[in-house]
Amino acid sequence: MKTIIYYFSGTGNSLKTACDLALQLADTEFFTDRTEVFPMARAGEADVSADRIGMVFPVYMSGPPLIVSGFVKKLAAAEGWLNETGKYIFAVATHGGNPGGALKMLYNDMRKNGLSLDAAFNVAMPGNYTPLYGALSGEKQNALFVRADEKLREISARVLSGERGYFEFSNFFVNAVSSFFYGLMSPRIPGMDKKFFADGRCDSCGICAKVCPVDNIKMLKGKPSWNHKCQQCMACLHWCPKEAIQYGKMTRGRRRYHHPLIKLNEIIQK
Ligand SMILES: Cc1cc2nc3c(=O)[nH]c(=O)nc-3n(C[C@H](O)[C@H](O)[C@H](O)COP(=O)(O)O)c2cc1C
Ligand code: SF4
Ligand code: SF4
């Protein structure tokens, strides 16, 4: 059985989740099950030859990243997909404590595109939205990772058994409020990068441009410039080795975050 897990990740939580799930879904005894992990941002089209397709992404503003909606359209457009039966599609949203309506929004988006989601899960991880808060202490991060490991074992057991109709949706009220809030915010997301700037500590290393999953950063005269097709993943801010990237006035001096087991070369999707 072939599984492809498509991921989107700014600071590595969703990439680590996708990789761990891939290991658990592979048939390690007979090596007959192939499992691949692939960046959503580099998926020219969806590979629907897989028997199982996973989507792993962070929650942004109580909803899924904009890129996920684009990926759903690629899935729907893939030749023959709608006529296939027996395929299994699951989603995992990593979040910083409030998953909001992300899974329900994805479910509705897929239905609108003629697709059905078989199962959807939430995994709590350290938050990375530095405009509101700095990184958690190492101790608090580790406690979340231990719980996330347990949760991933549960998720892989459900996926391996082919369980359909299992959805970790928030309640009706949370989904409705999230949907309303997300509807207001999402059109503004690509242009929200206007608040990014590099301060005097920038040494022109270019790492920010390399980590941006959607190539939104170009180096101009040795400094990053943002081009208004942002996903708000915060990778540029968190991976800058000089902590030179700020978002408005609140991020200076706040601790940066990335998943401790994900390295710079792993988050760069080129
Ligand atoms: C722009 C933005 C908005 C976010 N909004 C939420 C949110 O509404 N609820 C939540 O629990 N976490 C929120 N987070 C935190 C992320 O969902 C969480 O840290 C996620 O695991 C990050 O995944 P990554 O490391 O793969 O990028 C937000 C993060 C960003 C960058
Ligand atoms: S990663 Fe930081 S130091 Fe390097 S070019 Fe970007 S802003 Fe400058
Ligand atoms: S510009 Fe920064 S926040 Fe926006 S998508 Fe690229 S890395 Fe993410």
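The values are calculated or read from the model by the stated rules, or taken from the named source; none is laboratory data. The structure presented is a predicted model; accordingly, all values stated were derived computationally and were not measured. A quick note on method: Cβ atoms are made from the backbone with ideal geometry, for glycine too, and the neighbour counts reach across all protein chains shown. Ligands, DNA and RNA are excluded from the accessible area calculation, which covers all protein heavy atoms including side chains. Shrake-Rupley method; radii C 1.70, N 1.55, O 1.52, S 1.80 Å.
Checking the condition touching a Lys or Arg at 6+ places or on another chain (Cβ under 8 Å), open to solvent by 80 Å² or more (accessible area, probe 1.4 Å) and not assigned by TED's automatic domain parsing to the domain that holds Leu144, which residue from Lys242, Lys249, Lys218, Lys229 passes? The unique qualifying residue is Lys242.
If you scan segment 166-211, which residues turn out to be of a type in the set (D, E, K, R) and within 14 Å of ligand 1 (Cβ to nearest atom)? Correct list: Glu168, Arg188, Asp193, Lys195.
With respect to Ala119, is the statement that it is farther than 30 Å from Cys240 by Cα, surrounded by 16 or more Cβ atoms within 10 Å (Cβ to Cβ), in contact with a strand residue (DSSP E or B) (Cβ under 6 Å, 6 or more places away or on another chain) and at pLDDT 95 or above true? Yes.
In this structure, Leu132 does satisfy being assigned to a loop (DSSP other than H, G, I, E, B), within 11 Å of ligand 1 (Cβ to nearest atom) and surrounded by fewer than 15 Cβ atoms within 10 Å (Cβ to Cβ).
Residues of segment 45-68 being assigned to a loop (DSSP other than H, G, I, E, B), in contact with a helix residue (DSSP H, G or I) (Cβ under 8 Å, 6 or more places away or on another chain) and more than 12 Å from Leu103 (Cα to Cα), which ones? Hits for segment 45-68 are Glu45, Ala46, Val48, Met61. Checked across segment 174-182, the condition of being assigned to a loop (DSSP other than H, G, I, E, B) and either aromatic (Phe, Trp, Tyr) or touching a residue at least 12 places away in the same chain (Cβ under 8 Å) (or both) holds for no residue.
Close Cβ contacts (under 6 Å, 6 or more residues apart or on different chains) running from residues in segment 230-246 that are within 7 Å of ligand 3 (Cβ to nearest atom) to residues that are of a type in the set (Gly, Ala, Ser) comprise Cys233/Gly10; Met234/Gly10; Ala235/Gly10.
So which residues in segment 163-173 are in contact with a strand residue (DSSP E or B) (Cβ under 6 Å, 6 or more places away or on another chain) and in contact (Cβ under 8 Å) with a residue 60 or more places away in the chain, if there are any at all? Result: Phe167, Glu168.
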